[in-house]
Structures are given as structure tokens and as C-alpha cells.
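FYI, it's all coordinate maths here, none of it is from the lab. All values reported here derive from a predicted model rather than from experimental measurement. Glycine also receives a Cβ, built like all others from the backbone with ideal geometry; neighbour counts cover every protein chain displayed.
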Amino acid sequence: MEMSPKRPRNNPEHGMIKSMNKPLLPLFLGLTIALATGTMAAAPEQGAALKPMPEIANEPKTERFPGDPAEHKVVYMFNQADLAYQTSVLNSIQAMVKTYGDNVSIAVVAIGPGIHVLANSPKRAVDKDIAARVDNFAKSYKVRFIACGNTMATVGYAQGDMKPFAEYALVGAAALMRLQETGHKAIFW
């Protein structure tokens, strides 16, 4: 077995480019050239604005009064315990509330591993920030959270184990279906 001689650390032949993996070398060189010449694409806020979606940008203002039934309806399926997934769903809910205020009816059906966010004493760890956001959406923005009865039975939750704002459906999938039949648009991850 032949060993290559050690090169001193200050040897220019032992620089970053020589020691870099060959597949990364073109990327590194491309970024270096782009930075040096100023040819990298600008971030959206610095460059040209994206074209607004016409269905939303040209949405007519309504004569709706606060407290009138919402003109927009959406239902989310909340069926994973993964923190990134739950954060994404709650971020989407937050964006809908920010965009439509009280002019959107939002329901969330908790099925499978997602059920634990609705429990007073979860049987699986629930991130404290996720739990706080769920509580806040239910109490402050009237977001409906519906627990799947089948999942509750499987996990061993009774109706009294759920948070007071939680609603109950014997079959979570049936709740998703029924909400869609009444005009809610389903959003799934």
C-alpha cells in the first residue's frame, strides 16, 4: 500500500478546490463565478415581482358584514405526528386566517397520529408550540378541530380525554367527506 506524502497545510496545491469532491466542484466554481460577476438570480423581493394569481388578485370585495357566514370554506386532514408536517399545516391555516379573516370557515380533522394534539393528556409527545397554536386557532379564530372516533378508540381515548373545543366524528374520513359535501375544499399534505 503506497501512501501519498503529506502536504503542508499552507501548500496552495492542497487548497479547497483540490480537496473538494469532484461532483461538488462544478457547483462551487459556478457559484464563485456567479458571485464574482454578479450574475446570480436576485431574490424575488429584489427583482421583478411575480405575476399575481388572477383568481385571487382580482377577487371582488364583498358586502359581507362581520359575523355573516364565511364565503370560503376549507378542511384540512391532520394525520401525522411529524413536527415539520404539523407546522406546515398550521402555517397554512395561519395564512388563510391572515388572508381571509373571519371570511373563511376552517375545519381540521385529526386522524391517526394527528389525534394526540387534541388530547388533554396526549399518549404521544406533542410539541408545546404546536399544542399552543392549536388551542389558539380554536379559541381565537374559531377553527374547528374534529377528532376521529375510530382513532380515539384505537389509541384508547374517551371523549372526555379530548380538549373542550374538540368536536367528535365517529369516522374521521366520513367527517372529511361530509365537510366537502357542504362546500369545504379539502387540503391534504
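Observations, loosely collected:
- If both residues of a DSSP beta bridge must be in region 49-165, then about 10% of such bridges are antiparallel.
- Taking all Cα pairs closer than 8 Å and separated by 6 or more residues, the relative contact order of region 62-166 comes to 29 percent.
- In nm, spacing of pseudo-spin labels at R64 and Y168 (7 Å Cα→C-beta vector): 3.1
- For V108, the residues whose modelled amide H falls within less than 5 Å of its own, excluding neighbours fewer than 5 places apart on the same chain, are Y76, R144, F145, I146.
- Protection proxy ranking, highest mean first, for peptides 71-80, 103-112, 176-185, 120-129: 103-112, 71-80, 176-185, 120-129, where packing is the per-residue count of other beta-carbon atoms within 10 Å, averaged.
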